[in-house]
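The values are calculated or read from the model by the stated rules, or taken from the named source; none is laboratory data. Quick caveat, the model's predicted, so the values are computed rather than measured. Here Cβ is always computed from backbone atoms with ideal geometry, including for glycine, and neighbour counts include all displayed protein chains. The area values use the complete protein model at the heavy-atom level, side chains included, leaving out ligands, DNA and RNA. Shrake-Rupley method; radii C 1.70, N 1.55, O 1.52, S 1.80 Å.
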Amino acid sequence: MNHRMTIPRHRLPLWPVPLLWTLALGLWGLSRQHSVWRDEAATWQVARRSVTDIWRLLGEVDAVHGLYYLLMHGLFECFGPGTTTLRLPSVLATAVAAACVTVIGCRLAGGWAGLGGGLAFGLLPAVQFHLQEGRPYALVSAGAGISTLLLVTVLQGRDRKAHWVAYGGTVLLCALLNWLSLLILPAHAATLAWTRAGRGTWIRWAAAVAAAVAAVLPMILFTSTQSRQVSWIPPLTWHMLIGPAIVLAIGALGALLDRPRAGRLSAAAVALPLLAVPQIGLIGLSLAKPLFLDRYILFSMLGLALLIGAALGAVVRMVEPRFPRAAPWLVPAVTAVAVIALWPHMLAKRSPASRVDDVLAVAADVRQLKKDGDAVVFVPAARRDTALVSPAAFAGLRDVALAESPVASGTLKGEEASPERIRAAMSAQRRIVLITDVPEVARPVSAARDRAKIAVLEESFTAVADEQVRGRRVTVYERLRPGR
């Protein structure tokens, strides 16, 4: 147990500084110019359904996000739908994660290491993206930070039953938000092995883990039947490994500065496994089934922030004997330089262009271009999310391809009629509004229903208006006149 680096009790805690810093970063530009992209649109439209309807949906798709959808439903009921309600949970969760980094860093490597790591966490590019994202990954990061802090608390000698109950409960909640968060468990096991934890600690850790995994196992098995939800993820390629390789190299450099030793609880002993093991684990899983998306292991950035903080703390200790007045300014100066260097990136992440599309912007175009009685079709059917998030913009339009609504069918995009019925319904229209992707991001049309929609438009209609905005496209078609 290492007490040398522990902050004396009479000092004010440092964790509120990174917490408030991260909150400020998250609240800045929170609405992203009132834009919502397709992933967030899924959260938005599901959260507006009743609990019964959400439960029906989870039986068909997206059970992996069931707890998150129920949480967001409660928030939408209390505070109303909007970009603030959609994204504020991620901002708060990221701030909690930054505070956990600070506390862990302070305990294991000193105050400057904790402060530097906590401030760095909110600036990491991957964290910047999900800091203002209406999806569950920031919440998982907060849970990972809490569970790691509980593990450090136990390894520092405060081994209480309440700590292990809290640890197991936090692991379970994270797994219910996204079961790939269980990749944190081998990382924690590596820390236990590195620090040569006692047999009793191993037994209590294994019991907490077994209880959490047993509780979440039914959901894992059930979500395996919904694997089509991730069928779009491409197979692992070498170029996809460049980012993780760079991150791991930076982490290894930070670990060297911390000079970890086997058997000693240090920042590197906690942070390096937390950074490396989930990345390597997800790569391994992706060799069997394509699953490699960095957001699934966003929580591994906690390890990178801890290592950055440990490196800064080591530099401060080296500088302090020779330049005692300059040493206290090192972490603030490095943070300021990082902000300046990352400023263009931070601005970009707060713009609508940072996402592949914007379902709200295209809804505004529909409102301007439509006429009462027009038909509307979506290619692919998933682009119906625009109408689900902004139903008022589609008032007066008839969704002629839809056979059963998303709510009634328990799906995200609804059930469409057969290609033959779609063709017949479209052929009877005078004007049709098409919602689709811009060519730059559109995928080849493969579904038979979508091919039928395009064929009818090309054969019997001509485009009279066309607007493209933020990844989405609205085209108004009118029926060809005889003789044309």
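In the neighborhood of Leu192, defined by Cβ-to-Cβ distances under 12 Å, what is the net charge if each Lys or Arg adds +1 and each Asp or Glu adds -1?
Values: positive: Arg196, Arg199, Arg204; negative: none.
So the surrounding residues net to +3.
How charged is the neighbourhood of Leu342? Take every other residue with its Cβ under 13 Å from the Cβ of Leu342, and add Lys/Arg as +1 and Asp/Glu as -1.
On the way: positive: Lys349, Arg350; negative: none.
Net local charge, Leu342 excluded: +2.
From Cα pairs below 8 angstrom and at least 6 apart in sequence, can you work out the relative contact order of the chain, rounded to a whole percent?
On the way: 819 pairs, mean separation 84.9, N = 484.
Relative CO of the chain lands at 18 percent.
Could you compute how fast the chain diffuses translationally, taking Rh as the Kirkwood radius over C-alpha pairs and applying Stokes-Einstein at 25 °C with viscosity 0.890 mPa s? Give it in µm² per second.
Values: Rh = 24.4 Å.
The Stokes-Einstein estimate is 100 µm²/s.
Could you work out how much longer the chain between Ala463 and Leu342 gets when fully extended? Use 0.36 nm per residue separation minus the Cα distance between them, nm to one decimal. Walk me through the numbers before you get to the answer.
On the way: separation 121, 0.36 × 121 = 43.56 nm, distance 4.32 nm.
Length gained, Ala463 through Leu342: 39.2 nm.
Can you tell me how much longer the chain between Met240 and His34 gets when fully stretched, taken as 0.36 nm per residue apart minus their C-alpha distance, in nm with one decimal?
Working: separation 206, 0.36 × 206 = 74.16 nm, distance 3.12 nm.
Here the answer is 71.0 nm.
Once R0 is set to 35 Å, what does the formula 1/(1 + (r/R0)^6) return for the Cβ-Cβ distance between Leu293 and Ala455, expressed as a FRET efficiency to the nearest 0.05?
0.55
Of all alpha-carbon pairs in segment 119-206, indicate the percentage at a distance above 16 angstrom.
Values: 2149 of 3828 pairs.
Within segment 119-206, distances greater than 16 Å cover 56 percent of Cα pairs.
Starting from the residue with the highest accessible area, list Val91, Val103 in decreasing order, probe 1.4 Å. Write out the running numbers ahead of the final one.
Values: Val91 0, Val103 35 Å².
I get Val103, Val91, largest accessible area first.
How much net charge surrounds Asp372 when only the other residues with a Cβ under 11 Å from the Cβ of Asp372 are counted, with Lys and Arg +1 and Asp and Glu -1?
Working: positive: Lys370, Lys371, Arg398, Arg431; negative: Asp374.
Local net charge: +3.
If you find the alpha carbon centre of segment 98-175 and of segment 185-249, how far apart are they in angstrom?
16
Computed FRET efficiency, Cβ-Cβ of Ser354 and Ala424, R0 41 Å: what is it to the nearest 0.05? Intermediate values should be presented prior to the final figure.
Working: r = 41 Å, r/R0 = 1.01.
Approximately 0.50, to the nearest 0.05.
What is the angle, in °, between the Cα long axis of helix 161-177 and the longest principal axis of the Cα atoms in the chain? Nearest 10 is fine, range 0 to 90.
In the chain, helix 161-177 runs at an angle near 20 degrees to the longest axis.
Quick check for you: with a 1.4 Å probe and neighbouring chains kept, what is the accessible area per residue of the chain, in Å²?
Numbers: 21580 Å² over 484 residues.
Averaged over the residues of the chain, the accessible area is 45 Å².
Working from the alpha-carbon coordinates of segment 30-102, get Rg over Rh, Rh being the Kirkwood radius. Write down the numbers at each step before the final one.
Values: Rg = 13.3 Å, Rh = 13.1 Å.
Ratio of gyration radius to Kirkwood radius for segment 30-102: 1.01.
Which residues does a label at Arg196 reach in segment 263-295, if reach means a backbone N under 18 Å from a point 7 Å past the Cα toward the Cβ?
What the label zone holds, given the 18 Å backbone N cut-off, is 263-270.
Is it possible to state the helix-based mean residue ellipticity at 222 nm for the chain, with each DSSP H run of 4+ residues giving -39500 (n - 2.57), the sum divided by total residues, to the nearest 500 deg cm²/dmol? What is it? Provide the component values of the computation, followed by the final result.
Numbers: 20 runs with 281 residues, N = 484.
Mean residue ellipticity at 222 nm (helix-derived): -18500 deg cm²/dmol.
Please give the Cα centre distance for segment 273-343 versus segment 392-418, rounded to the nearest Å.
One Cα centre to the other: 46 Å.
When the accessible area of the chain is split by element with a 1.4 Å probe, what percent falls to carbon and sulfur?
Values: 13900 of 21580 Å².
Using a 1.4 Å probe with all protein chains present, the chain comes out at 64 percent carbon and sulfur.
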